[in-house]
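So the structure is just underneath, and the comments pick up after that.
The values are calculated or read from the model by the stated rules, or taken from the named source; none is laboratory data. What you see is a predicted model, and the numbers here were worked out from it, not measured in a lab. In this analysis, Cβ positions are derived from the backbone assuming ideal geometry, glycine residues included, and neighbour counts consider all displayed protein chains. Please note that ligands, DNA and RNA were not included when accessible areas were found on the heavy atoms of the full protein model with its side chains. Shrake-Rupley method; radii C 1.70, N 1.55, O 1.52, S 1.80 Å.
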Amino acid sequence: MKQVGLFLGCNIPFNRPDIEYSARYILKELGVDAVDLEGASCCPAFGTMPSLDIEGWAAASAWNLVLADEKGIDLVTGCGSCYGSLNEAKHHMESHPELKEKVNQIYAKVGKEYKGTAKISNFINFLYESVGLENIKAKVKNNLNGLKCAVQTGCHNLWPSRAYPSNEDNTFYPKRMREICEALGGAAPHYSAITDCCGMGALRSNASDKSLALFKKKLDVIKEELDPDICVIGCSSCLLQFDGGQALLAEQKKLNYQIPALHLVQLTALALGADVDKVAAFAKIPLNGVINKIKGGN
Amino acid sequence: MLLSPNDAQSCLKCGKCTSGCDINRLDPSFIPHRLIHLVTMGMVADSISEYSIWKCSTCFTCSERCPQRIKVTEILWMLKEKAFKEGKSPDFVSKQSEIIKTHAKLFPISDKDNARRQKAGLPVIEEYPDGLANLRQILGDK
Amino acid sequence: MNAKPNIKVFVCSCNGIIENVLSVQDLTGGVQDAGLEALSHPFLCSQEGIRYINENTDADTKVLIAACSPFHKQSEFSNLRTNKFLIHRIDIRDQCAFVHKNKPDEAFKKAQTLIKMGVEKVRFSNSIDQFSSDITKTIAVIGGGIAGINTAIFANDAGLKALIIEKSPYLGGKVKELFTYFPRMCPPACGLELFFNRLRHNRISALTLTELISLEGNPGNFELTYKRYPRYIDENKCTVCGLCIQECPNQAIYLPNHLCYPSIPLLDRQSCLNECMRCSEICPTNAINLNENESFDKLNAGAIVVATGWDSFKPDKLSEYGYKVIDRVFTNLEFEKKIKELTDKKTTVAFIQCVGSRDDKNLPYCSDVCCMVSIKQALSLKTLNHDNEVYIFYNDIRTPGEYELFYKRARKEGIHFIKGIPSEVKETTNGEINLSVYDTVLNKRIDIKADLVVLATGMMVSDGTLNLKQVLDKNLNFNENGFVVSHLQCYPQDSLREGIYSAGACRGPMDVASSINSASSSVISALSFINKKINQYRDFPNINKEKCDVCKRCIEECPHNAYLFDTKGFPYADENKCRRCGICMGSCPVGAISIGSLNIEQLSSMIDVIDVGIFGDDEPLVLAFLCQNDAYRAVDDISKYGGNYEPNILTIPIPCAGAVNGLIVAKAISSGIDGVIVGGCEDAQCHFSKGSSLAQERIKSIRDKLTEMFLEPERVSFFHIPRDGSNIFLNQTKNFLRVLRDMGRNPLRII
């Protein structure tokens, strides 16, 4: 793949631009042109428009797909919600032609048309399939040196599998991220809560105490079963929970340990030689241990 | 319409959706198979009067697991959409939707944000007034 | 002037019942006026009536009987001396005098027309001989599981030669792996041993390590080619002295099971590493030949029973249940073995029902046995130690009939039945297995810790059946789940091909009792086939080679794959595969195909003699071709309920809706007939599987042609008329006639 549309979404550029930095960094390292999608809109997230107005959701989502169609590119995103919402909207418009027709009636007013040619990938599938584990391995500059990773794929990167062009063989036993971490030199064992929800999403806006309780339950299992060096996250929304949420729990004295957390693209960027200060510029949990471990191997 | 109550009819009431629901673990008042049952019984009104439909985290595990391929999450969208139209939705949902309709983004980028981005070596994200106007027109109808 | 044709028309007055509406004398008079001999009788189906016909005919007389429905009194009229293909019956009673009794004039005209048409039908009929063929009185049974073994035993008991072809080294299939049978909880050794003894005592051959690789020939005389994999131990020489087992340094020779049939050890050539040859040297009977190769051979059989069984659903795809991730999660079939290893140490076991079954993504059907299997295993656990805790997570418990009592017993034993399906089986760091489930009765989430988890996986199509699908290709039909297709309700043991039957779980999920049941039914079918095949008529399709342009449509559309090419490249129907449905006759674009009971000339000539104006210039006349299996009989029934319809409809029974050729329909319309109806079964109920749907396709293309000719396409219609569809016929024809009247008469009608 020579070029790919970088779909940033709302969260990454606003909350965690360091993920965006990392994404741009790895794409460059891997020889892929990152094409910006000027004027992209919200995907829009599941907790918002899909819950109120399904046609409106499809129309808003289609905006981004139309931009991609116009540029003739496929999209890749680091946000599970964006990956889910864009693909679901596309899937629904494909499986319900009347919905596509309605969306196009609206678009005709501004002289645009939704064709539905652009595909939407996430960084997990992009790295795993479009780049390939061997190619990633070949580009590693800082081997992770056995860094123990607890991976979190994120619900919307897995389900509903019918909406996704590519997916895990078994969506309740995800392996792709684990294999990517291993290709970077890390270790990434399976754990029992691997597909549990992190608590982000509508619940976080709706009942943040419950959201954090759910997250803590998952984190406790990770600590107990793996006691990892780092949590590696496939979805920027989950990362907000794993990094910011964890810091909040620690602040509230509800947590007596802390596990650093990075997005998969951030970890990949580190392994591909990026500067840690840029890669993890906005991480709330310090990464010293992680860096030492990686450096220790050099 | 995208989905209708008919899309729930093949439910066998096995409860696998609820068994696997992380929200139900935390909040027993959210019972997906019960909502599906209400829909299959034609009791949509009862289901939307339950606040619990707004607790769904839309993680889609239920849809993924359902042996009958019922799109549980999407059935709940249908209920939420109906509730919203009847003015029975919580404020935060419509507020967030309004933000998207106005700014095209859930988190619009301010000058301050752009300054932070530049410091991190990232390009400035501009508003595209023409595009935004188009999008407002598109979503304005909705 | 030609010699007077040898045609005789007999008109029955049915003890005056027909006479009440129609004048029999006038009917016979009309025939006589046309120069043919016509006789009347008050009671043709009586012994005296039959004698009367026989006295007035010889073996070559073409006989038209105008009486009741041709589907009444069939056995009485089978006693006529004339060749049965020269006899034709038309109905002037049930579908004429009875239903049109309020309009005797029209009824008379209709009867007269039907007789004229009938005369044409017999005029162009040909006498057809019977022929005999030798049948191989052998049943080959493919698969040596419980169904196959019993099929062979039943066949042997019924006086046939039976032989079993089994791919694996031993007979007994899945049953030999079981711990117990339900509901009597006896060990399979008991039943299986009994069956093995019967095989032994009756000298029923069982070819093990044998695989069918091709099927040639025809029903009645199949030729099966099979491959025998090397066994290395000669069955006939081995005395099971055990010396080789003791001496083998690689443990490559062993008895895998105490229930081995044939009861000789298994020599695993793969594990035999160093070629020491010790076994063959020490064998006192020289039974071991390590250099044996695979071999090929053929056998003949009159009929085949497919009994290729089932495989257990592999829950790998559902690893949310921890299968192959957690070592204490088993499938129910694996648990049959595991349960033998369990001690009386207190154990908690959780069963999850419907794993893979009733699941649109895996097996969409219910696997029939899993509820009983889990209950059986649960009871075994309770027998082992009554303190064992057993949880069965279910959706619906299905224990039909008296199996319910077994379920009740399980309830009384304190087995916990929880209505709710867990979403996941997880192992915690301290090695506990946790199941979190929403109990839909309690309306509460409960968490169960279990030592062992059993996934009640269902029954799916076996590899054996899938392999057979390759070998038998078009000889056997399989449904979307891979099971052998039959006519499920009425002839569950029949495949769609004559001479091939099925038994056991290759038909679909079933338990041991049903498998044995199915074995006996397959033998009865096979037996009656072999006996009845001795005599049959040559009434299979006849292809007019002068007309045939070898378009291959008949080959394409024949639902029984009966068509082949002869040495000159023309199609011909294999008499043994052909079921005389006439779908080929309907398919032929040039009208070159006829079957014994109905030919194109007959139909064409029947249309020629119809006077389209009999009911008046503006009264529509309709020709209805009705499937004689369902539609025609539904119309027969109308008079039984005192119903009536307009006499404007002339019905013609046909073997299948698919037998109606578009040329005949077109001829009817161009002769000025106002409307044509083709009446067939519901698509899924078609007796010849696709006749009804083919008929609809053909009607559609005829309609397109009518449109091109600026004729109203509505003049030609297909009606679905099931066997109980009398009212459907009444309503549909009422509408049809209204539409025709609104349309006005057929512009091609000559007045």
Inset, instruction - For every helix of n ≥ 4 consecutive DSSP H residues, a contribution of -39,500 (n - 2.57) applies; sum these over chain C, divide by its total residues, and give [θ] at 222 nm rounded to the nearest 500 deg cm²/dmol. - result: -8500 deg cm²/dmol
Inset, instruction - Note down the nm distance, to one decimal, between modelled labels 7 Å out along Cα→Cβ at residue B:119 and at residue A:170. - result: 4.7
Legend entry - Label-zone membership for the stretch C:230-256, site residue C:278, 7 angstrom Cα→C-beta point, backbone N under 18 Å: C:241-255
Legend entry - Karplus 3J(HN,Hα) series, Hz, for the stretch A:111-119 with 6.51 cos²θ - 1.76 cosθ + 1.60 (x for Gly, Pro): x, 10, 9, 8, 9, x, 8, 5, 9
Legend entry - Test item: Cα-centred dipole of chain C, Lys/Arg +1 and Asp/Glu -1 on Cβ, debye: 660
Legend entry - Interchain or long-range residues, amide H under 5 Å from residue C:89's placed H: C:65
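Given a 1.4 angstrom probe, what's the average accessible area per residue across the stretch C:10-138, in square angstrom?
On the way: 5730 Å² over 129 residues.
Value returned for the stretch C:10-138: 44 Å² of accessible area per residue.
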Legend entry - Value at 222 nm in deg cm²/dmol, rounded to 500, when DSSP H runs of n ≥ 4 in chain B each add -39,500 (n - 2.57): -15000 deg cm²/dmol
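Can you list the DSSP H helices in chain C whose Cα atoms extend at least 27 Å along the helix axis and whose mean Kyte-Doolittle hydropathy is -0.5 or higher?
Going by DSSP H runs, the hits are C:512-532.
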Inset, instruction - Report the paramagnetic label zone for residue C:683: residues of the stretch C:702-733 whose backbone N is under 13 Å from a point 7 Å from Cα along the Cα-to-Cβ axis. - result: C:720
Legend entry - Alpha carbon centroid spacing (whole Å) that separates the stretch C:223-298 from the stretch B:1-72: 59
Inset, instruction - Give the long-range amide H neighbours of residue C:217: residues separated by 5 or more places, or on another chain, with amide H under 5 Å away, using H modelled in the peptide plane at 1.01 Å from N. - result: C:223
Inset, instruction - Specify, per residue and in Å³, the volume enclosed by the convex hull of the alpha carbon atoms belonging to chain C. - result: 225
Legend entry - Reach of residue C:110 by Cα under 18 Å, taken over lysines that are not fewer than 8 positions away in the same chain: C:101, C:121, C:734
Legend entry - For the stretch A:164-175, Karplus couplings with θ = phi - 60° (6.51, -1.76, 1.60), whole Hz, Gly/Pro x: 9, x, 8, 7, 4, 4, 10, 6, 9, 9, x, 10
Inset, instruction - Would you be so kind as to list the residues of the stretch B:1-23 that have their accessible area lowered by at least 50 Å² in the full protein complex compared with their chain by itself (1.4 Å probe)? - result: B:1, B:2, B:12, B:14, B:16, B:19, B:22
Legend entry - Principal-axis tilt of helix A:97-108 within chain A, Cα atoms, nearest 10 degrees: 80
Inset, instruction - Place a label point 7 angstrom from the Cα of residue A:227 along the Cα-to-Cβ direction, then list the residues of the stretch A:234-260 whose backbone nitrogen is under 16 Å away. - result: A:256-260
Inset, instruction - With everything on Cα atoms, drop me the angle between helix A:80-95 and the longest principal axis of chain A, reported from 0 to 90° to the nearest 10. - result: 30
Legend entry - Solvent-accessible area, 1.4 Å probe, carbon plus sulfur percent, for the stretch A:2-121: 48
Inset, instruction - Taking the Cα centre of the protein assembly as shown as origin, sum charge times position over the Cβ atoms of Lys and Arg (+1) and Asp and Glu (-1), and report the length of that vector in debye to the nearest 20. - result: 1400
Legend entry - Calculated from backbone phi, Karplus (6.51, -1.76, 1.60) coupling profile of the stretch C:417-428 in Hz, x at Gly/Pro: 9, 10, 7, x, 9, x, 8, 8, 10, 10, 9, 8
Legend entry - Principal-axis tilt of helix B:91-103 within chain B, Cα atoms, nearest 10 degrees: 40
Inset, instruction - With a 1.4 Å probe and all protein chains in place, put B:77, C:310 in order of accessible area, largest first. - result: C:310, B:77
Legend entry - Averaged over A:21-27, number of beta-carbon atoms from partner chains that fall within 10 Å: 1
Legend entry - Carbon plus sulfur fraction of accessible area for the stretch C:439-534, probe 1.4 Å, in percent: 52
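Tell me the relative contact order for the stretch B:16-142 as a rounded percent, counting alpha carbon contacts under 8 Å between residues six or more apart.
Details: 90 pairs, mean separation 23.4, N = 127.
This gives 18 percent for the stretch B:16-142.
Between residue B:128 and residue B:88, what FRET efficiency follows from the Cβ-Cβ distance if R0 is 45 Å, with the result rounded to 0.05? Working shown, then result.
Details: r = 36 Å, r/R0 = 0.79.
Taking R0 as 45 Å, the efficiency between residue B:128 and residue B:88 is 0.80.
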Legend entry - Flagged links, alpha-carbon separation over 22 Å, of A:210/B:105; A:71/A:109; A:175/C:317: A:210/B:105
Legend entry - Full-extension gain in nm, residue C:547 to residue C:443, via 0.36 nm per residue minus C-alpha separation: 30.0 nm
Inset, instruction - Taking the dipole about the Cα centre of the stretch A:140-294, with the C-beta of Lys and Arg at +1 and of Asp and Glu at -1, give me whichever of A:161, A:183, A:271 is farthest to the positive side. - result: A:161
Inset, instruction - Leaving out ligands, DNA and RNA, calculate the buried accessible area for the pair C and B with a 1.4 Å probe, summed over both sides, in Å² to the nearest 100. - result: 1600
Legend entry - Cysteines not pairable in chain B (beta carbon separation under 4.7 Å absent): B:11, B:14, B:21, B:56, B:66
Legend entry - Amide H contacts under 5 Å for residue C:322, placed H, 5+ residues apart: C:425
Inset, instruction - Tell me the label-point distance for the pair residue C:234, residue A:3, using the 7 Å Cα-to-Cβ offset, in nm and rounded to one decimal. - result: 7.9
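Ignoring any ligand, DNA or RNA, what whole percent of the accessible area of the stretch A:140-294 comes from carbon and sulfur when the probe is 1.4 angstrom? Please report the intermediate quantities before stating the final value.
Values: 2290 of 5060 Å².
Percent of accessible area from carbon and sulfur atoms in the stretch A:140-294: 45.
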Legend entry - the stretch A:140-294: relative contact order as a whole-number percent, Cα under 8 Å and 6+ apart: 30
Inset, instruction - Putting +1 on Lys and Arg Cβ atoms and -1 on Asp and Glu Cβ atoms, find which of C:92, C:606, C:638 reaches farthest to the positive end of the dipole of the protein assembly as shown. - result: C:638
Inset, instruction - Considering only B:68, B:96, B:118, give the residue with the highest GNM mean-square fluctuation for chain B, with springs between Cα atoms whenever their separation is below 10 Å. - result: B:118
Legend entry - Relative contact order for the stretch A:2-121, counting Cα pairs under 8 Å that sit 6 or more residues apart, in percent: 30
Legend entry - Computed label-point distance, nm, for sites residue B:51 and residue C:202 using a 7 Å Cα→Cβ extension: 7.3
Inset, instruction - With runs of 4+ DSSP H residues as the only contributors, calculate the mean residue ellipticity of chain A at 222 nm using -39,500 (n - 2.57) per run, divided by the residue total and rounded to the nearest 500. - result: -13000 deg cm²/dmol
Legend entry - FRET efficiency estimate (nearest 0.05) - Cβ-Cβ, residue A:161 to residue C:179, R0 35 angstrom: 0.40
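If R0 is 25 Å, what FRET efficiency do you get for residue C:384 and residue C:432 from their C-beta distance, rounded to 0.05?
After rounding to 0.05, the efficiency reads 0.70.
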Inset, instruction - Work out, step by step, the length gained on full extension between residue C:157 and residue C:567: first 0.36 nm times the residue separation, then minus their alpha carbon distance; give nm to one decimal. - result: 143.4 nm
Inset, instruction - Taking the dipole about the Cα centre of chain C, with the C-beta of Lys and Arg at +1 and of Asp and Glu at -1, give me whichever of C:503, C:280, C:16 is farthest to the positive side. - result: C:280
Inset, instruction - Just report the Cα centroid separation between the stretch C:359-438 and the stretch A:210-243, whole Å. - result: 34
Legend entry - Whole-Å distance, taken between Cα centres, linking the stretch C:516-572 and the stretch C:15-53: 39
Inset, instruction - Treating only the Cβ atoms of Lys and Arg (+1) and Asp and Glu (-1) as charged, compute the dipole magnitude of the stretch A:140-294 about its Cα centre; round to the nearest 20 debye. - result: 240
